[in-house]
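The values are calculated or read from the model by the stated rules, or taken from the named source; none is laboratory data. Quick caveat, the model's predicted, so the values are computed rather than measured. Don't worry about glycine lacking a Cβ; one is built from the backbone with ideal geometry, like all the others, and counts go over all protein chains shown.
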Amino acid sequence: MSGPSTAGPSGGASGSAEVGVVTPFWLDRPDTEAVDIAVQADRHGFATLWIGEMATFDAFALATAVGLATERIPLRIGPLAAGVRGPVAVALGLSSVATLTGATLTGRAVDIALGASSPAIVTGWHDRPFAAPATRMREFVRALRPVLAGQRADFDGSQVRAHGFRLRAPVPDTPVTVAAFGPAMTRVAAEEADQVVLNMVTPEQVARVRAQVDAFAGAVGRPAPRLAVWVPAALELDAATLRQLAGQLTVYLAPPGYGEMFTELGHGELVARARAGAPRSELAGQIPAELFDAVGLLGPASRIADRIAAYHRAGADHVGVVPATAADPAGANLLAALSPLVGTGASGAPGVLGAGVPGTGAGPSGAPGAGVLGAGVVGAEPAR
């Protein structure tokens, strides 16, 4: 069985303070805006572009289009639902993107992220069982690594089985990211993955998960994986942006773990109503601006830079900016305004926290003074 990658997730060495971009799936925007966002992220030198999958494009097809439309930004495909495809399909898709975009020739990194997703997507959309997601994730990662490395598939688990297939174009040492929130999946991610990713959480929650990941990894004698977080961002919270972000946030009010986090922030009534089945359209109109502020990056650019630094100080190695585009098509203004954060560092890697946005005093350490998104991030998994 192949072990964890020695390369580290794309975008820079472990321990660096990275800023990447996440392609969102806003239902009020053109589907092809994802490619426009990718072009902007590439132009401004961000560390990594995350390419997920929901109801628009197949993730590998979109990643191929993005790879052909951009020049150098590393691509991270996912989180993809581990219950929808098998390890062979994921390996074949990743190899296809790397080959067809020329990444294997140019050295551009293309790697993979996985998540549990939800019964609605895995079973309702794709007619696959949603059973023992934490166990499936552990087995999936263990089955996937040797296939990516070019070995013939030979794995038998309780949830995952794969035999006989071998990639014609292996992608060895591909880092694997796992989306986690609850304790069972966090343990699996800490013990098996190269990086853990969280979505729409506070810096305080990042610090708690950082401690859990470090403890779980230390208990099995492996280095702790990196920690990434996705955070929605906007320079201005105008009416159109407010509606866009509210539609996303309502998805997170009810799931275990997220609901408790929002309750801690003083919004327990909203959580209770969401769990009682209140329509999301009704809830969206009642989400206060301060709740967006607690789990998002709201402008101006200097304030966003300070918030990104807060996530890094809490233990995040990578902050993935999710651009709100209702009033800022392709996030062009936002990504341009944040570009001073992602100047090329001494290592030559793009996306490493640089000199800071003018007026913030954020130094290279990141410290001040010196929709609905992709499958696999929403919700906490059952403890199995």
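Figures for the structure shown
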| quantity | calculated |
| --- | --- |
| Residue match in region 124-143 (condition: modelled with pLDDT under 95, surrounded by fewer than 18 Cβ atoms within 10 Å (Cβ to Cβ) and assigned to a helix (DSSP H, G or I)) | yes |
| Residue satisfying all of: in region 151-181; of a type in the set (S, T, N, Q) and either at pLDDT below 95 or over 26 Å from the mean Cα position of the chain (by Cα) (or both); surrounded by the fewest Cβ atoms within 10 Å (Cβ to Cβ) among these | S158 |
| Hits in region 249-293 (condition: farther than 20 Å from P24 by Cβ and in contact with a Ser or Thr (Cβ under 8 Å, 6 or more places away or on another chain)) | M261, L265, V271, A274 |
| Some residue of region 83-97 being of a type in the set (K, R) and in contact with a helix residue (DSSP H, G or I) (Cβ under 7 Å, 6 or more places away or on another chain) | no |
| Criterion violated by L114 - all others in (1) surrounded by fewer than 23 Cβ atoms within 10 Å (Cβ to Cβ); (2) not in a loop (DSSP other than H, G, I, E, B) satisfied | (1) |
| Region 64-92: number of residues that are hydrophobic (A, V, I, L, M, F, W, C), assigned to a strand (DSSP E or B) and farther than 15 Å from A103 by Cβ | 2 |
| Residue count, region 51-61 (criterion: among the small types (G, A, S), surrounded by 19 or more Cβ atoms within 10 Å (Cβ to Cβ) and in a helix (DSSP H, G or I)) | 1 |
| Out of V35, V39, sole residue that is in contact with a Leu (Cβ under 9 Å, 6 or more places away or on another chain) and modelled with pLDDT of 95 or more | V35 |
| Residue that is within 18 Å of the chain's Cα centre (by Cα) and either closer than 24 Å to A314 by Cβ or assigned to a loop (DSSP other than H, G, I, E, B) (or both), where the choices are A294, A228, A278, A254 | A228 |
| Search result, residues across region 232-245 that are buried (at least 21 other Cβ atoms within 10 Å of the Cβ) and touching a helix residue (DSSP H, G or I) at 6+ places or on another chain (Cβ under 8 Å) | P232, A233, A234, L235, L245 |
| Cβ-Cβ under 9 Å pairs, at least 6 apart or on other chains, region 279-292 side hydroxyl-bearing (S, T, Y), far side in a helix (DSSP H, G or I) and surrounded by 14 or more Cβ atoms within 10 Å (Cβ to Cβ) | S281/G247; S281/T250 |
| Test for G268: is it surrounded by fewer than 20 Cβ atoms within 10 Å (Cβ to Cβ), at positive phi and either in contact with a Leu (Cβ under 8 Å, 6 or more places away or on another chain) or not charged (D, E, K, R) (or both) | no |
| Lone qualifier among A82, A91, A63, A59 - being within 16 Å of the chain's Cα centre (by Cα) and more than 24 Å from P323 (Cα to Cα) | A82 |
| Residue satisfying all of: in region 62-102; over 20 Å from L144 (Cα atoms) and aliphatic (A, V, I, L, M); surrounded by the most Cβ atoms within 10 Å (Cβ to Cβ) among these | I73 |
| First in region 100-124 and over 15 Å from A81 (Cα atoms) and small (G, A, S), second anywhere and at pLDDT below 95 and surrounded by 16 or more Cβ atoms within 10 Å (Cβ to Cβ), Cβ under 8 Å, 6 or more apart | A109/S10; A109/G11 |
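So that you can scan it fast, the table gives a plain yes or no per residue for (1) crowded, with 22+ Cβ neighbours inside 10 Å; (2) modelled with pLDDT under 90; (3) over 23 Å from S117 (Cβ atoms):
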residue: A289; (1), (2), (3): no, yes, yes
residue: V295; (1), (2), (3): yes, no, no
residue: T325; (1), (2), (3): yes, no, yes
residue: G343; (1), (2), (3): no, yes, yes
residue: P358; (1), (2), (3): no, yes, yes
residue: G376; (1), (2), (3): yes, yes, no
